[in-house]
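Accompanying notes for the structure given below.
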């Protein structure tokens, strides 16, 4: 996609002054690489109605709004436009709601009010950069499927390597046990959730995961040079470095690895930093519910596999368009 094109941005805040301030900020030099066409809404319901007729590249939403809060709005918007990058701009939220936004809507970034202009602009441009790569890969992957090109299944026999990093040996042993053993209670919770869920939820297949553990963040980074991981789960408070620092460095080694943060002692500001700097896929509270833990990891693994598959198929389309017919697996 050409960087000079206008990107469609939705701003949702019940205060019109905030909508206008964000609009003004995004239209004031220095503008950066991107230019935006902005639509503002003070009513989340009206924003959702608009999203039924127009596609948006990104949304910047307040959290606390009367009638429909930011979590409810973003979940509804994700159903209508799953590729739209989601950012939250808010001066008020609570820890439970923030955790739910991270886990249920996978917000790209949380921007506290009052915001710094450079942070707002850079956050939006990074979110659009990320979303457009994912969207383009998905488009190309769909194209190859529509053409009916026969391909072999991609990595169907792959064992997902999961790395757990926690300085507490008891936590390491407990998490490892939960992720490698299937219990009857898992079936019970799965049955309950299948009755209330609006759509199918992924299930963790214990037979297809291999769990590696270490109490040392530095050792985890060394392991990243030797073994490809599908998911890393890192505690926040560790003596060598905190979990956010570890996940940032780990992402430099393995950007495709899904990142989850786990903690029983973390502040709201610290969690916001984890979202903004380490781009965590989800947050797990200690003590955890075994079923919810497995669900979070299953979702992270499915998301990673989908991104890898789409990227592979996208490369096949590009190679075919370039006249290279030797790339498609038979």
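Could you grab me the full set of residues in the stretch 29-46 that are over 16 Å from residue 123 (Cβ atoms) and assigned to a loop (DSSP other than H, G, I, E, B)?
Here is the first cut: in the stretch 29-46, the ones over 16 Å from residue 123 (Cβ atoms) are 29, 35, 37, 39-46.
Answer for the stretch 29-46, where residues must be over 16 Å from residue 123 (Cβ atoms) and assigned to a loop (DSSP other than H, G, I, E, B): 29, 42, 43.
Working carefully through the options 4, 113, 54, find the one that is modelled with pLDDT of 95 or more and surrounded by fewer than 19 Cβ atoms within 10 Å (Cβ to Cβ).
54
Out of (1) touching a residue at least 60 places away in the same chain (Cβ under 8 Å); (2) under 15 Å from residue 175 (Cα atoms); (3) surrounded by fewer than 16 Cβ atoms within 10 Å (Cβ to Cβ), the odd one out for residue 228 is which?
Going through (1) touching a residue at least 60 places away in the same chain (Cβ under 8 Å); (2) under 15 Å from residue 175 (Cα atoms); (3) surrounded by fewer than 16 Cβ atoms within 10 Å (Cβ to Cβ) one by one, residue 228 breaks only (2).
Given the conditions (1) part of a loop (DSSP other than H, G, I, E, B); (2) without any contact (Cβ under 8 Å) to a residue 60 or more places away in the chain; (3) within 27 Å of residue 38 (Cα to Cα), report the number of the one that residue 148 does not fulfil.
(3)
So, in the stretch 67-83, of the ones that are touching a helix residue (DSSP H, G or I) at 6+ places or on another chain (Cβ under 9 Å) and assigned to a loop (DSSP other than H, G, I, E, B), which residue ends up farthest from residue 26 (Cα to Cα)? Let's see the steps before the verdict.
Of all residues in the stretch 67-83, those touching a helix residue (DSSP H, G or I) at 6+ places or on another chain (Cβ under 9 Å) come to 67-78, 80-81, 83.
Then drop every residue that is not assigned to a loop (DSSP other than H, G, I, E, B), which leaves 67-69, 81, 83.
Numbers: 67: 27, 68: 25, 69: 24, 81: 22, 83: 21 Å.
Selected residue: 67.
The values are calculated or read from the model by the stated rules, or taken from the named source; none is laboratory data. Since the structure is predicted, the reported quantities are computational estimates derived from the model, not experimental observations. Counting neighbours? That spans all protein chains shown, and the Cβs are built from the backbone with ideal geometry, glycine included.
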